[in-house]
Amino acid sequence: MRRRRIALIAGGRSSEHEISLASARSVLEALDPADHEVVTVHIGRDGTWQLGGPGSHALGSGPGARPLETETGPEQEEALTRTADEAPSSEHGQGPGPGAGPAETLPVPATSTSVTQTLAEVDVAIPILHGPFGEDGTVQGLLELASVPYVGAGVAASALCMDKDLFKSVMRDHGIPVTRNVTLRHGANLDESPYGYPVFVKPARLGSSVGITKAHDAAELRAAIELAYRHDEKVLVEEFVDGVEVECSVLGNQTPVASIPGEIRTLDHEWYDFSSKYDEDGMELVIPPDLPEETVARIQQLAVEAFVASECESMARVDFFVRQDGQVVVNELNTIPGFTATSVYAKLFEASGIPYAELLDRLIGLALERHERRSRLAY
């Protein structure tokens, strides 16, 4: 059988740009060049799309990354290091993006025609994009229009799960317990928290704890709302849950399965903020969690129910709180979770018997299955 042609889409306009590059680098290293012919598509912080660009230096610039040149096979190397003679010049003269290395080692940016032609010719696209302009249905819509099979949730599920307010509304409609919140729009404010203190304030459509504050009094609440509005026009003021934070991975299309859950224990941090997520010693993942068996089973059940209720497919990571009385509540669902080999999503499935490389192969297979299934529909 011929090798599958894979487009790995990474970067993006959101504040999680560098995290996306780290995830993409890990995926690229895990894809066996004997079975996959990979081309990378880099989306710059300015929204510019470039083939392989700006080269391996960009995908190697995330946390803990190393240059990719020594890690890839001949075909990936060629895709990542197109020369000036091989690649057309940018129509607008766009130079190398963030994370670029020395100019003489970088590829010349591809034109939009080159990128679209490349995407049209691949077997599967893997968008490893976190946050707005990538995880929210926008890129998924582009791939749907181009009839390109892709890994991850579809347009509607991606948009729904990106919006924490809408996601919770759907969960409540399906009888799935969620954390309580008040939603503020268009600059509206609060003088006091309806849930006492502390309370969490967060942008409705962002990830990696960016723009989130744990407010301990009314003054901190007002400052937190102001900060959140700098990231989004819709803000959530959410109750603080005094309990255990647990995450569970889900894999599948029409018959999804849940992984063994894992308990999040922050180290030297008051809560699971950006630093605790990405600092080397910021958190500890305990697999399985130190919880009763029936509670673990309830987490897995709700993870699959939330996945189905939001019409997700392919993959997701569902985040929970377990209250002191044992009640399990859903906090949010991430359709493109962090995807390095050491990220929570992958580690939970590894503990469940599916190693990282096999997980990627399964996700590619799910993308092809969904595309073939939907291609039989009459439009």
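The values are calculated or read from the model by the stated rules, or taken from the named source; none is laboratory data. Worth saying up front: this structure is predicted, and the values here are computed from it rather than measured. FYI the Cβ positions are ideal-geometry reconstructions off the backbone, even for glycines, and counts take in every protein chain you see. Ligands, DNA and RNA are excluded from the accessible area calculation, which covers all protein heavy atoms including side chains. Shrake-Rupley method; radii C 1.70, N 1.55, O 1.52, S 1.80 Å.
Scan segment 259-273 residue by residue and report those that are in contact with a Ser or Thr (Cβ under 6 Å, 6 or more places away or on another chain) and either surrounded by fewer than 18 Cβ atoms within 10 Å (Cβ to Cβ) or modelled with pLDDT of 90 or more (or both). Step through it out loud before you land on a result.
Filtering segment 259-273 down to residues in contact with a Ser or Thr (Cβ under 6 Å, 6 or more places away or on another chain) leaves 259-260, 266, 269, 272-273.
Matches in segment 259-273: Ser259, Ile260, Thr266, His269.
One line per residue, one yes/no per condition, for (1) without any contact (Cβ under 8 Å) to a residue 12 or more places away in the chain; (2) farther than 13 Å from Gly262 by Cα:
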{"position": "Glu284", "(1), (2)": "no, no"}
{"position": "Leu291", "(1), (2)": "no, no"}
{"position": "Glu294", "(1), (2)": "yes, yes"}
{"position": "Leu302", "(1), (2)": "no, yes"}
{"position": "Phe307", "(1), (2)": "no, yes"}
{"position": "Glu313", "(1), (2)": "no, yes"}
{"position": "Arg323", "(1), (2)": "no, yes"}
{"position": "Gln327", "(1), (2)": "no, yes"}
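Among the residues of segment 324-342, those that are within 14 Å of Ser26 (Cα to Cα) and open to solvent by 20 Å² or more (accessible area, probe 1.4 Å) comprise Gly338, Thr340, Ala341, Thr342. Among the residues making up segment 25-36, those that are open to solvent by 30 Å² or more (accessible area, probe 1.4 Å) and either charged (D, E, K, R) or modelled with pLDDT of 95 or more (or both) are Glu29, Asp32, Asp35. Any residue at all in segment 208-221 that's β-branched (Val, Ile, Thr), open to solvent by 10 Å² or more (accessible area, probe 1.4 Å) and free of Cβ contacts under 8 Å to residues at least 24 places away in the same chain? Among the residues of segment 208-221, at least one is β-branched (Val, Ile, Thr), open to solvent by 10 Å² or more (accessible area, probe 1.4 Å) and free of Cβ contacts under 8 Å to residues at least 24 places away in the same chain, which makes the answer yes. The numbered conditions (1) acidic (Asp, Glu); (2) part of a loop (DSSP other than H, G, I, E, B); (3) modelled with pLDDT under 95 are all true for Glu284 except (2). The residues in segment 303-350 that are in a loop (DSSP other than H, G, I, E, B), more than 17 Å from Val286 (Cβ to Cβ) and of a type in the set (S, T, N, Q) can be counted, and the count is 5.
Has segment 145-165 got at least one residue that is modelled with pLDDT of 95 or more, more than 23 Å from Ser20 (Cα to Cα) and open to solvent by less than 30 Å² (accessible area, probe 1.4 Å)? Among the residues of segment 145-165, at least one is modelled with pLDDT of 95 or more, more than 23 Å from Ser20 (Cα to Cα) and open to solvent by less than 30 Å² (accessible area, probe 1.4 Å), which makes the answer yes.
Give the residue, chosen from Ala215, Ala228, Ala223, that is more than 19 Å from Ser310 (Cα to Cα), in contact with a helix residue (DSSP H, G or I) (Cβ under 9 Å, 6 or more places away or on another chain) and not aromatic (Phe, Trp, Tyr). Steps first, answer last, please.
On the way: Ala228 fails: in contact with a helix residue (DSSP H, G or I) (Cβ under 9 Å, 6 or more places away or on another chain); Ala223 fails: in contact with a helix residue (DSSP H, G or I) (Cβ under 9 Å, 6 or more places away or on another chain).
Only one candidate qualifies: Ala215.
For the residues Ser310, Ser375, the requirement of being hydroxyl-bearing (Ser, Thr, Tyr) and closer than 30 Å to Pro33 by Cα singles out Ser375. For Lys168, the conditions (1) surrounded by fewer than 20 Cβ atoms within 10 Å (Cβ to Cβ); (2) modelled with pLDDT of 95 or more all hold with the exception of (1).
Looking only at residues that are part of a strand (DSSP E or B) and free of Cβ contacts under 8 Å to residues at least 60 places away in the same chain in segment 37-51, which one is surrounded by the fewest Cβ atoms within 10 Å (Cβ to Cβ)?
The initial filter retains those residues of segment 37-51 that are part of a strand (DSSP E or B), namely 37-43, 49-51.
From the residues that got through so far, the ones that are free of Cβ contacts under 8 Å to residues at least 60 places away in the same chain too are 37-38, 40, 42.
Numbers: Glu37: 18, Val38: 24, Thr40: 29, His42: 33.
Out of the qualifying residues, it is Glu37.
Kindly evaluate Phe321 against the criterion of being open to solvent by less than 60 Å² (accessible area, probe 1.4 Å) and touching a helix residue (DSSP H, G or I) at 6+ places or on another chain (Cβ under 7 Å). So Phe321 fails the test. Applying the set (1) more than 21 Å from the chain's Cα centre (by Cα); (2) in contact (Cβ under 8 Å) with a residue 40 or more places away in the chain to Leu227 leaves exactly one unmet item: (2).
In segment 290-297, is there at least one residue being modelled with pLDDT under 95 and either over 18 Å from the mean Cα position of the chain (by Cα) or surrounded by 15 or more Cβ atoms within 10 Å (Cβ to Cβ) (or both)?
Of segment 290-297, the ones modelled with pLDDT under 95 are 290.
Cutting the leftovers down to either over 18 Å from the mean Cα position of the chain (by Cα) or surrounded by 15 or more Cβ atoms within 10 Å (Cβ to Cβ) (or both) gives us 290.
Looking for residues that are modelled with pLDDT under 95 and either over 18 Å from the mean Cα position of the chain (by Cα) or surrounded by 15 or more Cβ atoms within 10 Å (Cβ to Cβ) (or both), one finds at least one in segment 290-297, hence yes.
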